[in-house]
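The block underneath contains the structure these notes are about, expressed in C-alpha cells.
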Amino acid sequence: MTTVHWDTPVLTTVSQVVREASLVKINAEKISYVADWMAYEEFAKPDGSMLFDFGNDPDVLMDFTLVVNTMNFAFTDFSTGVKFETDYMGKRWCDSEAMLACLHRAIHSGIPFFSGEYLAKLTRKDLESVFSGTIEMPMLDERVTLFNEVGRVLEEKYEGRYSRFVRSCAPKLYASGDGLLERLTTEFPRFRDVSNYHGTDIHIYKLAQLGIWGMHLALSPRGAWKLEDAEKLSAFADYIVPVGLRVMGIFEYAPELEKQINSLTEVKRDSDAEIELRASSIFVIAKLTEEINKRRPGMEPLLQPQVDFRFWKTYHATHWPHHLTKTVMY
C-alpha cells in the first residue's frame, strides 16, 4: 500500500522548494535515525474524542472544525514572543488549545459562533470578549475581517453553515474540482494558502487540510462522515513542526536564518526563508511517514497528520524559539 502520494499538488510543489532551498537544509541521515526509534512509539488511532465536548451532531462538528480553522493562526505576540493562554475548567491552556477553551466557553454561554449571520456581523469588541486570556490574542483585527468575509459567503450560498458547504462537496480532497480541499481553497479565499517561490506557486493549504482532518478525526469513528482519500493529506505547515525538526537535527539552518529565529526577528511572509521552512516541514513529515511505515510491517500505515501531530503535541509549548511570521495562514 502506498502510504505517501508524492503526486499531490502539495507534495509536488514543496518538493521543488526542497530541491532549490538554500536557507533550510535537510539531514537525510537524521530522518532515518529518528524513524528508527519513532517507529516504536504509540500513535493513537482516531476515536472521535475531542479536547472539549461540542456534542455529537455531525453538522455542528463540521461547523466547529471549519470555524476553528478560520481563525487557527498566530497565538504568539510578535513583539514579546509570549504565547496566548487562558484559564478554563481549572486548567491553564496554551496556544491553539487556549483558543479552543475560549470557544467552548463562548458556545456554552449561548454565543452563536457557528452561525454565518453572527460571523458576518462580528466586531472586534465581540472577539475581545470571547477570547480573553493572559494577553490579547494577536491579530484580532485580521480575525474579524476573515470571519466577516466567511460569514457573508456562508449566508449567501450555504444557509449560514459550513456544514451545508461540506455536504455539497465530494468527501475527498481531490475529485476533479469537486473535492472538499479543492472547493474550500477556491470558494473561500481565506483558505487559499499558496506562496510563490522563484516563479512557482507552492501549495501549502495548512488550515484547509487541518480543518478537513479535524472533521475526519471527529466524525469517521462515529460513522457520520469520512474523508475517502485521507492518505493524501500532508503535514500542516506551521511554526511548531520546524522546532521539533530543528531540535532533532533534521533541519539545519543557514547562520543568518538561525540568528533571525533565535532573536525573534520576524521572518517575512512569502520570503524564501518562510517558504523553505514550511515546504521543508511538509516534505520531511512525508519522508518520515514513509520511513516509519517501512519499520512497522503488518501494522496499519500511519498517515502524515499523525506524524505531524507527534511533533506539534510535543513542541507547541516548548521554550525553544520558533520563527515568527505575521500571517493569517498559520
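Is there a residue being surrounded by 20 or more Cβ atoms within 10 Å (Cβ to Cβ) and not in a loop (DSSP other than H, G, I, E, B) anywhere in the range 50-60? Checked against the condition, which is being surrounded by 20 or more Cβ atoms within 10 Å (Cβ to Cβ) and not in a loop (DSSP other than H, G, I, E, B), the range 50-60 yields no hits at all.
In the range 281-309, what count of residues is obtained for those that are touching a Phe, Trp or Tyr at 6+ places or on another chain (Cβ under 7 Å) and surrounded by 24 or more Cβ atoms within 10 Å (Cβ to Cβ)? Give the derivation first.
Taking the range 281-309 first, the residues touching a Phe, Trp or Tyr at 6+ places or on another chain (Cβ under 7 Å) are 302, 305-306, 308.
Add one more test, that the residue is surrounded by 24 or more Cβ atoms within 10 Å (Cβ to Cβ), and what stays is 305, 308.
Residues flagged as touching a Phe, Trp or Tyr at 6+ places or on another chain (Cβ under 7 Å) and surrounded by 24 or more Cβ atoms within 10 Å (Cβ to Cβ) within the range 281-309 amount to 2.
All of Val4, Val18, Val10, Val34 fail the test of being closer than 20 Å to Ala279 by Cβ, part of a loop (DSSP other than H, G, I, E, B) and in contact (Cβ under 8 Å) with a residue 12 or more places away in the chain, apart from Val4. The set of residues from the range 168-185 being in contact (Cβ under 8 Å) with a residue 24 or more places away in the chain and either farther than 15 Å from Lys226 by Cα or assigned to a helix (DSSP H, G or I) (or both) comprises Leu180, Leu181, Leu184. Only one entry in Ile292, Ile240, Ile282, Ile250 is modelled with pLDDT under 95 and within 22 Å of Leu210 (Cβ to Cβ), namely Ile240. Any residue that is among the hydroxyl-bearing types (Ser, Thr, Tyr), in contact (Cβ under 8 Å) with a residue 60 or more places away in the chain and touching a strand residue (DSSP E or B) at 6+ places or on another chain (Cβ under 6 Å) - is there at least one of those in the range 80-91? The answer is no, given that none of the residues of the range 80-91 is among the hydroxyl-bearing types (Ser, Thr, Tyr), in contact (Cβ under 8 Å) with a residue 60 or more places away in the chain and touching a strand residue (DSSP E or B) at 6+ places or on another chain (Cβ under 6 Å).
If you scan the range 55-71, which residues turn out to be at negative phi and at pLDDT below 95?
Passing the criteria: only Asn56.
I'm trying to understand the selection: among the residues of the range 186-199, which are exposed (fewer than 14 other Cβ atoms within 10 Å of the Cβ) and either outside any helix (DSSP H, G or I) or touching a helix residue (DSSP H, G or I) at 6+ places or on another chain (Cβ under 9 Å) (or both)? Step through it out loud before you land on a result.
From the range 186-199, those exposed (fewer than 14 other Cβ atoms within 10 Å of the Cβ) are 186, 189, 196, 198-199; that's our starting set.
Scanning the range 186-199 gives Pro189, Asn196, His198, Gly199.
I'm trying to understand the selection: among the residues of the range 113-137, which are of a type outside the set (A, V, I, L, M, F, W, C) and either closer than 21 Å to Leu61 by Cα or modelled with pLDDT under 95 (or both)? Correct list: Ser115, Gly116, Glu117, Tyr118.
Which of the residues spanning the range 247-273 are acidic (Asp, Glu) and under 19 Å from Val82 (Cα atoms)? Before the answer, list the steps.
Restricting attention to the range 247-273, the residues satisfying the condition of being acidic (Asp, Glu) are 252, 256, 258, 266, 270, 272.
Result: Glu266, single match.
Listed here are the residues, each with its yes/no results for (1) touching a Gly at 6+ places or on another chain (Cβ under 8 Å); (2) surrounded by fewer than 19 Cβ atoms within 10 Å (Cβ to Cβ); (3) not acidic (Asp, Glu).
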site	(1), (2), (3)
Leu119	yes, no, yes
Lys125	no, yes, yes
Leu154	yes, no, yes
Tyr174	no, yes, yes
Glu182	no, no, no
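The values are calculated or read from the model by the stated rules, or taken from the named source; none is laboratory data. Given the structure is predicted, the values throughout are model-derived calculations rather than measurements. Every residue, glycine among them, receives a Cβ derived from its backbone with ideal geometry; neighbour counts consider all protein chains shown.
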